[in-house]
1. Pulled fully out, how much extra length does the chain show between Lys186 and Gln84, if you take 0.36 nm times their separation in residues and subtract their Cα-Cα distance?
2. Can you spot the lysines whose alpha carbon is less than 22 Å from Lys298's alpha carbon? Ignore those fewer than 8 places along the same chain.
3. If you take the beta carbon distance between His351 and Glu289 as r and set R0 to 41 Å, what does 1/(1 + (r/R0)^6) give as a FRET efficiency, to the nearest 0.05?
4. Which FRET efficiency value, to the nearest 0.05, do you get for Val152 and Ala309 by plugging their Cβ-Cβ distance into 1/(1 + (r/R0)^6) with R0 = 35 Å?
5. Can you tell me which lysines have their Cα less than 16 Å from the Cα of Lys123? Leave out same-chain residues fewer than eight positions away.
6. Scan the chain and hand back the longest stretch that contains none of the chymotrypsin sites (Phe, Trp or Tyr not before Pro) lying in DSSP loops with at most 11 other Cβ atoms within 10 Å.
7. Using a 10 Å cut-off on Cβ atoms, rank the peptides 114-125, 262-273 from the highest mean neighbour count down.
8. Select from segment 189-245 those GluC sites (Glu not before Pro) which occupy a DSSP coil region and have at most 10 other Cβ atoms within 10 Å, ordered by residue number.
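Taken together, the values in this text are just the output of simple stated rules run on the coordinates, not laboratory data. Given the structure is predicted, the values throughout are model-derived calculations rather than measurements. Don't worry about glycine lacking a Cβ; one is built from the backbone with ideal geometry, like all the others, and counts go over all protein chains shown.
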Amino acid sequence: MIRSAGPAEATIFWKKTEDRKPIRLSVDTTRRQLMNMENLGFKNVSLVGGKAANFAELNKIKVDKKPLPIPEGAFAIPFYFYYQHLQQNNIIPMLDSVLYDPVVLSDPKKLDSKLKQIRTIIKEAPLNKEFLQAVLQRLQANRDDPMAAGFVNYRFRSSTNAEDVKGFNGAGLYESKTGSLTDPTKPVEKAIKAVWASLWDERAFAERQYFKIDQHSVAMGILVHRAFGEELSNGVAITKHLYRDNYPAYTINVQVGEISVVTPPDSVTCDEAIISLGEVTGSKNAAIEYIGRSSLSKEKPVLTNEQIALLARYLTAIKEHFFYKVEKGNPRGVTDFWNYGLDIEFKIDAHSGNLYIKQARSL
């Protein structure tokens, strides 16, 4: 139930917000080379950002002795190259002129104008030639890798130290772009700089200000992996029952094609369902209960029973890995495990029909 707050309640709320201590994020710029997933983990958020660090953890998970299906050809661009771009193009003084000016920070119109200028400069400034060559060589080398052979389009995904981390997931704040080895309208250089520039989007800046994150300490890394073409379906899974505590189940939202389940068009609904696990059903199979149905799937479930069963197995493997190895579990045991939630994105590739796990983040 939503109700309006009185002046006293509002004052207490804002006082608590203002009294929070500023959060200074850790930044590691010691690595000056592209990073392989097998050399990274959650401990490397300060080096490559939360999204890439979490993806590296997915890279460690096996189901029936087989690797978890994640997008092929992945590697990470660490924070060093973002700072290199700012330094070589003299962008840091302009950033400082915003971050240290209380007049600009207190005037939304001036702030938005200055942030737009910063984004434009980041995107228009030339990229370091040696760095760009290293990225292109890595993408070309992927074409000779049996696991990533034939892919020419790559997704450059935002990965900041203020994203996909505990207490601030930063979902939807930053941009991801596609760069191509063959399409001149989608150059790799443009994709990289657009992702870096999105760190200074007005909404992202405002969110960090609200959570008292020190703007001087934010940095942008990039997770790179092969891009997908058409999707049969896409979705988001929460690795707990959203409407009951201490219950062995997952909550999923899934939609046909590439239509977002997070920000759908007006009047468009998706399949929303609860997957109850064997501890509930008493069998080896997961049971599914639909709460809502997709307005685009012609009254058929978006996922088949086989896909749902496979997804449930992947979700369990991911949840166990993050709870016991990343989060180190909790002394209260199984209750905490079933109440522990991850936000996991997945898709069904239209060309292969395979289920892929795109990313995982703590709620």
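1. Working: separation 102, 0.36 × 102 = 36.72 nm, distance 2.28 nm.
Result: 34.4 nm gained on full extension.
2. Cross-link targets: Lys347.
3. Details: r = 31 Å, r/R0 = 0.76.
Rounded to the nearest 0.05, the efficiency is 0.85.
4. Values: r = 34 Å, r/R0 = 0.96.
Working from the Cβ atoms, E equals 0.55.
5. Correct list for Lys123: Lys114, Lys177, Lys186, Lys190, Lys193.
6. Details: sites that count: Tyr100, Tyr243.
The answer is 101-242.
7. Working: 114-125: 17.1, 262-273: 14.7.
Final packing ranking: 114-125, 262-273.
8. Details: sites: Glu189, Glu202, Glu207, Glu230, Glu231; in loops: Glu230.
The qualifying sites are Glu230.
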